[in-house]
Amino acid sequence: MVERQLNEECAVVGIFNHDEASKLAYFSLHSMQHRGQEACGIASADGGKVHMIKDRGLVSQVFNDDKLKTLSGKAAIGHNRYSTAGEESTLDAQPVFARYDLGEMAIVHNGNLTNAQEIRDALIKKGAIFQTFMDTENLIHLIAKSDEDKLLDRIIDGVKKIQGAYSLVFLSRQKMFAMRDPHGLRPLSLGRVGDGYIVSSETCAFDLIGAEFIRDVKPGELLIFEKGKAPQSIQIFEPTPKHCVFEYVYFARPDSDVFEKNVYAMRKNMGAELAKIEPVEADMVVPVPDGGIPAALGYSQASGIPFEMGIMRNHYIGRTFIEPTQEMRDLKVKMKLSPIMSLIKGKKLIVIDDSIVRGTTSKRIVRMLKEAGALEVHMRISSPPTTDPCYYGVDTPDKENLLAANMSNKEMCEFMGADSLAYLTQDALMRSVDSKNSEYCTACFTGDYLF
Ligand code: AMP
Ligand code: SF4
């Protein structure tokens with residue numbers, strides 16, 4: 001199995017032919033902050049030069065009005081980067097920028113290249129010098145070294161050599177390009193904003209800046225944005241859709257349509273399916289906020305058991321998952337979630353979360369609810385057991401740290417001290433996301449990897 005790279009999860013955006021391109025990129029990144037909080041960056045092009053600002057931190061911390069003013073031009077691309085344990089530095093923030101024989105270029109990437117190490121080794125053997133650990137840097141080298149004369153042909157040449165998950169946006173001094181891998185693993189949507197265009201990981205960015213959804217960039221499709229022209233489409237690869245189902249389970253924002261379906265609706269379906277296949281008698285359905293809320297509503301409506309916000313979330317903490325040590329993760333879960341004691345005391349609860357990874361959150365929640373006087377706690381998870389790591393751009397720990405890969409259902413239930421534990425089945429997940437009309441990757445639940 002391939003080594004995981006550091007360029008995982010993330011959000012990308014590209015704005016073309018708009019007077020406020022870098023501002024719109026900023027707002028878009030702000031709406032997609034949930035896809036990455038470690039670092040962010042924007043590059044703009046004014047026809048003669050590519051400008052760039054990137055740094056560690058949240059979008060609102062890295063940018064201000066003065067900085068955005070220096071990102072002049074009618075085209076801009078942007079990136080939010082997720083944190084993974086280990087080697088974090090500003091160098092690993094995106095866009096990745098390069099000067100090369102055809103001029104200047106910046107790239108943003110959401111996904112993970114599975115043959116990055118082979119390409120990197122081959123390039124290093126030929127004398128290439130890498131500045132970062134990002135697999136995206138490979139592409140810059142492939143484009144810079146290609147024998148083709150035009151940037152378009154070099155991009156085509158480059159993407160034909162890479163394998164894995166990629167939603168990419170390229171910016172040159174005058175053009176913008178957007179490309180999605182042949183499986184369409186990570187989302188990328190196309191919209192119209194004023195007289196210009198936007199491509200973005202999630203459509204919540206469209207809603208914020210008043211863009212109109214046109215369609216998803218097709219798997220294997222390259223879009224070329226040029227001044228005065230409608231986007232030109234080249235189908236580089238035969239599309240073989242395998243969209244990441246985990247975008248629906250956890251990752252994307254509920255108000256986004258990803259893979260042309262609304263995330264909130266998919267999550268509610270998952271909850272309703274869960275109620276059908278894993279019913280249990282209880283006084284109330286309680287979500288683990290925020291991820292579990294839509295599925296808990298679905299469960300409640302399908303079962304007729306009242307929905308209650310029995311657990312409150314402190315929103316000023318950040319995601320617990322991002323801390324590299326177990327102690328820090330434990331502490332952050334405690335800081336983040338607290339029960340409404342008077343509501344749950346003496347009650348039988350169905351607690352809904354979207355997934356269990358290491359089990360830290362569920363264990364803590366069950367203990368917290370029992371300490372607060374809950375009579376019974378029945379954990380219901382709105383996705384199948386996460387048994388395998390993702391190699392296509394979602395940060396999951398190695399198999400030895402995935403609870404469901406190492407324990408039976410009974411052992412997990414005992415580990416977290418719950419009265420019962422049940423998951424959605426693979427079939428029910430597929431029903432929830434209408435798999436008759438779309439193909440999905442489910443490797444983190446099944447171990448059936450695409451490559
Ligand atoms: P854990 O405590 O390790 O079992 O993590 C489970 C919690 O993390 C759940 O509440 C999920 O909503 C959330 N989660 C699941 N997958 C991810 C991910 N890739 N990154 C961050 N959080 C996640
Ligand atoms: Fe998504 Fe899971 Fe496939 Fe990764 S392995 S792309 S998280 S469905």
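The values are calculated or read from the model by the stated rules, or taken from the named source; none is laboratory data. This one's a predicted model, so the numbers in the text were calculated from it and none came from an experiment. Counting neighbours? That spans all protein chains shown, and the Cβs are built from the backbone with ideal geometry, glycine included. Only protein heavy atoms, including side chains, enter the accessible area calculation; ligands, DNA and RNA are left aside. Shrake-Rupley method; radii C 1.70, N 1.55, O 1.52, S 1.80 Å.
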Across LYS150/LYS261; LYS125/LYS160; LYS23/LYS229; LYS363/LYS410; LYS370/LYS399, pairs whose alpha-carbon gap is larger than 25 Å: LYS150/LYS261; LYS370/LYS399
What angle, in degrees between 0 and 90 and rounded to the nearest 10, separates the Cα long axis of helix 293-303 from the longest principal axis of the Cα atoms of the chain? 40 degrees
Could you give the C-alpha radius of gyration of segment 11-241 expressed as a fraction of 2.2 N^0.38 Å, taking N as the number of residues it contains? 0.92
Find, to one decimal place in angstroms, the Kirkwood hydrodynamic radius of the chain, where the mean of 1/r is taken over every pair of different Cα atoms and then inverted. 22.5 Å
Running Debye on segment 52-178 with equal point scatterers at the Cα sites and no solvent, what base-10 log of I(q)/I(0) appears at q = 0.14, 0.22 Å⁻¹? -0.64, -1.49
Give me the aspartates and glutamates in straight-line cross-link reach of LYS348: C-alpha distance below 13 Å, same-chain residues under 8 apart excluded. GLU281, ASP283, GLU308, GLU376, ASP419
Rounded tilt (10° steps) of 326-336 against the dominant C-alpha axis of the chain: 70 degrees
Which value, in Å² rounded to 10, gives the accessible area of HIS315 with a 1.4 Å probe and all protein chains present? 110 Å²
Using only the alpha carbon atoms of segment 195-263, find the Kirkwood hydrodynamic radius as the inverse mean reciprocal pair distance, in angstroms to one decimal. 13.5 Å
Percent relative contact order of segment 353-410, based on C-alpha pairs within less than 8 angstrom and at least six residues apart? 42 percent
Residue-averaged [θ]222 nm for the chain, counting only DSSP H segments that reach four residues, each worth -39500 (n - 2.57): -8000 deg cm²/dmol
Quick one: which of 426-434, 259-267 comes out on top by average Cβ neighbours within 10 Å, and what's the full order, highest first? 259-267, 426-434
May I ask you to give the solvent-accessible area per residue for the chain, in square angstrom, as obtained with a 1.4 angstrom probe? 39 Å²
In segment 252-315, if every C-alpha pair distance is counted and binned at 10 Å from zero, what percent goes to each bin? 24, 49, 25, 3
Helix 21-31: angle to the longest alpha-carbon principal axis of the chain, degrees 0 to 90, nearest 10? 20 degrees
I'd like the per residue volume of the convex hull spanned by the Cα atoms of segment 332-451, given in cubic angstrom. 120 Å³
On the protein heavy atoms, probe 1.4 angstrom, tell me the percent of accessible surface of segment 263-446 carried by carbon and sulfur. 52 percent
